[in-house]
Amino acid sequence: SGVTFKNSGFWNLHLYRCRNVVVEKVRFEVPTDMRAPSSDGTDIDSCQNVTIRGCSYRVNDDCICLKGKKGPLAMKDKDSPPDRHIRISDCTFERGDGVLTLGSEATVVRDVVIENCKVGAVVNLLRLKLRPDTPQHYEDIHCRNLTLDGSGGILQVQPPPKSVVRNVTMSDVKGTYGSLGVIKGNPGQTTISDITLKNFDVQLKNDKLNVGEVKNLKIQNVIVNGKPFSLNPAK
């Protein structure tokens, strides 16, 4: 209570695995002329029963961000319990990339209320970031009684970022293995091009190659189980 976090080049206040926390009458300030692209104001990470009230934010990244675990096994990580029962009220958001952001490092977030706040020149009010590699569950998120004076977006559900894979060559491979594998991206997210498999002589349990949308896939002199391999074998 009653302190100022000033001129941080990275996260200001990081709460990790905390319960029953009150942050009140605290100022988070990064000067307008300072480039600090990761200067989150308050990061609530795997916490429960957190109250933020009467605070002011002037940062260059998220003002308040809810975080947790990331990755395919995030739900099983006992060191990252859900963010739950978060209350934000009577705060002033002067500048930042978002007033309240969920993710991108977040798994389960439940029961969040932001109310009775003033919002100035921030980019977005509520940002829900979604990752293609992480199971995420956001529910019971409520924003109410907010006064806006800026030009940002009110609600932003952010899709996974675009990914590019190109110019990959595998050549001169021999031996015994399970399968040729999978060449497939996330639908609508990944662009894959210029993939070459060349000079293979392999014995495989599964002689199929699982291929999604790939541009310019080349199969050159690939022998599987003693036979030339083709994506479109003769019937």
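The values are calculated or read from the model by the stated rules, or taken from the named source; none is laboratory data. No experiment lies behind these values; they were computed from the predicted model shown. Glycine also receives a Cβ, built like all others from the backbone with ideal geometry; neighbour counts cover every protein chain displayed. With ligands, DNA and RNA removed, areas are computed over all heavy atoms of the protein, side chains included. Shrake-Rupley method; radii C 1.70, N 1.55, O 1.52, S 1.80 Å.
Structure notes:
- Residue list for region 141-150, filter: over 19 Å from the mean Cα position of the chain (by Cα) and either aromatic (Phe, Trp, Tyr) or open to solvent by less than 70 Å² (accessible area, probe 1.4 Å) (or both): Cys143, Leu146, Gly150
- Criterion violated by Asp97 - all others in (1) more than 17 Å from Ser56 (Cα to Cα); (2) under 16 Å from the mean Cα position of the chain (by Cα); (3) in a strand (DSSP E or B) satisfied: (1)
- Verdict on Tyr138 being open to solvent by 80 Å² or more (accessible area, probe 1.4 Å) and aromatic (Phe, Trp, Tyr): no
- Test: residue in region 38-51 that is open to solvent by 60 Å² or more (accessible area, probe 1.4 Å) and touching a residue at least 60 places away in the same chain (Cβ under 8 Å): no
- Identity of the residue in region 202-231, exposed (fewer than 14 other Cβ atoms within 10 Å of the Cβ) and within 13 Å of Ser171 (Cβ to Cβ), that ends up nearest to the chain's Cα centre (by Cα): Lys218
For (1) out of contact with any Gly (no Cβ under 9 Å at 6 or more places or on another chain); (2) closer than 30 Å to Cys47 by Cβ, each residue gets a yes or a no:
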position: Gly103; (1), (2): no, yes
position: Glu139; (1), (2): yes, yes
position: Val165; (1), (2): no, no
position: Val173; (1), (2): yes, no
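- Summed over region 96-134, the residues that are exposed (fewer than 15 other Cβ atoms within 10 Å of the Cβ) and either within 27 Å of Asn186 (Cα to Cα) or in contact with a Pro (Cβ under 7 Å, 6 or more places away or on another chain) (or both) give a count of 2.
- The single residue among Ser151, Ser230 that is at pLDDT 85 or above, in a loop (DSSP other than H, G, I, E, B) and among the polar types (S, T, N, Q) turns out to be Ser230.
- Of all residues in region 1-25, those that are buried (at least 16 other Cβ atoms within 10 Å of the Cβ), farther than 22 Å from Arg84 by Cβ and in contact with a Gly (Cβ under 8 Å, 6 or more places away or on another chain) total 2.
- Region 171-187, subset outside any strand (DSSP E or B) and open to solvent by 70 Å² or more (accessible area, probe 1.4 Å), residue nearest to Val211 (Cα to Cα): Lys184
- When restricted to residues that are open to solvent by 50 Å² or more (accessible area, probe 1.4 Å) and in a strand (DSSP E or B), region 157-170 contains 9.
- Scanning region 63-84 for residues that are outside any loop (DSSP other than H, G, I, E, B), at pLDDT below 95 and either surrounded by 14 or more Cβ atoms within 10 Å (Cβ to Cβ) or among the β-branched types (Val, Ile, Thr) (or both) turns up Ala74, Met75.
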